[in-house]
Amino acid sequence: MVGLERGGGEKGLGRALAASSGGGDMTFKLVLLRHGEGAWNKENRFCSWVDQRLTPNGIKEAQTCGKVLKEAGFEFDLVFTSILSRSIETSWLVLQEMEQEWVQTESSWRLNERHYGALIGLNRAELASIHGEEKVKLWRRSYDITPPPIDESHSHFHEIYNDRRYNYCDVAKEKLPKAESLKEVLDRLLPYWYDVIVPEIKKGKCILISAHGNSARALLKHLEGIPDDEIVNVTLPTGVPVLLELDENLHPVRPHRFLGNQEAIQAAIKKVEDQGKAAAPGKNISVSAN
Ligand SMILES: O=C(O)[C@H](O)COP(=O)(O)O
């Protein structure tokens with residue numbers, strides 16, 4: 001990770017296109033964002049496809065993100081979000097702070113958070129005390145391990161699959177995932193990336209993607225070619241903009257950069273990592289570990 005200096009260090013970063021020194025090649029700038037803190041982030045429960053609002057802290061995070069992007073001079077042409085309220089609400093707050101509420105926004109389920117299957121609603125720390133921290137880390141951060149699937153007996157199954165928003169997806173409701181590894185998130189995200197987002201980037205548009213911890217990690221893995229066994233070490237904090245600078249073939253010209261107060265960002269990353277540390281066993285935990 002490359003840090004940016006505070007103060008004037010981020011000024012002028014926001015131009016959508018910049019000529020690289022000498023050759024005149026174009027560099028595309030893309031901002032990836034994990035939504036601000038949601039209610040279940042705070043309670044340390046897997047939220048995933050359950051629709052949750054931002055907490056007061058999450059609202060502040062999104063507003064701070066807007067301020068950072070505004071100060072850096074970003075002028076967005078297009079915004080992409082998932083169809084979960086926390087990513088949409090975050091984009092509204094960011095654009096409001098930047099006085100760019102008019103910017104066109106498109107939403108797709110393909111940017112949704114990873115589907116955590118039967119883990120949805122469970123407390124990470126309690127789960128770690130039952131199954132071990134390593135197992136929880138694998139469920140959370142590995143590339144190709146799929147958690148146990150959700151089924152009709154799960155208390156949030158009907159809430160998710162009867163939700164009207166899933167009537168408008170480009171796949172039939174029955175085909176929507178019941179659990180996903182990070183790899184499976186990337187598989188459902190890439191068609192949207194290539195067919196919808198990439199053409200807009202190549203037109204020179206300055207784009208914000210307001211998504212989720214794992215849909216953003218999947219995209220980052222793809223763009224930066226992060227090996228399968230190294231993606232386990234990548235964690236994104238809530239509400240922090242991640243700047244990617246890409247060449248004309250959409251290969252990164254430098255590593256991604258977190259924008260904002262670097263000390264606070266590192267503390268926020270640690271906080272998310274620590275969510276998987278074991279706590280005293282709680283009640284109501286039932287998930288088959290395989
Ligand atoms: O789905 C969730 O609850 C989170 O937003 C992502 O959780 P994780 O940090 O455990 O992957």
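The values are calculated or read from the model by the stated rules, or taken from the named source; none is laboratory data. Everything numeric in this text was worked out from a predicted model, so none of it was measured. Because the Cβ atoms are built from the backbone with ideal geometry, glycine has one as well, and the counts that use them run over all protein chains shown. Heavy atoms of the whole protein, side chains included, go into the accessibility calculation; ligands, DNA and RNA do not. Shrake-Rupley method; radii C 1.70, N 1.55, O 1.52, S 1.80 Å.
So here's what we get for this one:
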quantity: Scan of the range 268-278 for residues that are open to solvent by 60 Å² or more (accessible area, probe 1.4 Å), outside any loop (DSSP other than H, G, I, E, B) and either more than 11 Å from the ligand (Cβ to nearest atom) or of a type in the set (F, W, Y) (or both), ordered by number; calculated: K270
quantity: Criterion violated by L182 - all others in (1) within 16 Å of the ligand (Cβ to nearest atom); (2) out of contact with any strand residue (DSSP E or B) (no Cβ under 6 Å at 6 or more places or on another chain); (3) open to solvent by 30 Å² or more (accessible area, probe 1.4 Å) satisfied; calculated: (3)
quantity: Selection within the range 129-149 - assigned to a loop (DSSP other than H, G, I, E, B), β-branched (V, I, T) and either surrounded by fewer than 18 Cβ atoms within 10 Å (Cβ to Cβ) or within 13 Å of the ligand (Cβ to nearest atom) (or both); calculated: I145
quantity: Some residue of the range 185-198 being within 16 Å of the ligand (Cβ to nearest atom), closer than 20 Å to T238 by Cβ, assigned to a helix (DSSP H, G or I) and open to solvent by less than 10 Å² (accessible area, probe 1.4 Å); calculated: yes
quantity: Some residue of the range 231-252 being without any contact (Cβ under 8 Å) to a residue 60 or more places away in the chain and open to solvent by less than 20 Å² (accessible area, probe 1.4 Å); calculated: no
quantity: Residues that are open to solvent by 10 Å² or more (accessible area, probe 1.4 Å), closer than 19 Å to V185 by Cβ and in contact (Cβ under 8 Å) with a residue 60 or more places away in the chain, drawn from the range 48-94; calculated: D51, I83, I88
quantity: Within the range 22-128, strands (runs of 3 or more DSSP E) holding 3 or more residues that are modelled with pLDDT of 95 or more and over 15 Å from the mean Cα position of the chain (by Cα); calculated: 104-107
quantity: Selection count, the range 201-223, where residues are surrounded by fewer than 17 Cβ atoms within 10 Å (Cβ to Cβ) and among the charged types (D, E, K, R); calculated: 2
quantity: When residues of the range 199-217 are limited to those that are in contact (Cβ under 8 Å) with a residue 40 or more places away in the chain, within 15 Å of the ligand (Cβ to nearest atom) and not in a strand (DSSP E or B), the one nearest to L250 (Cα to Cα); calculated: A216
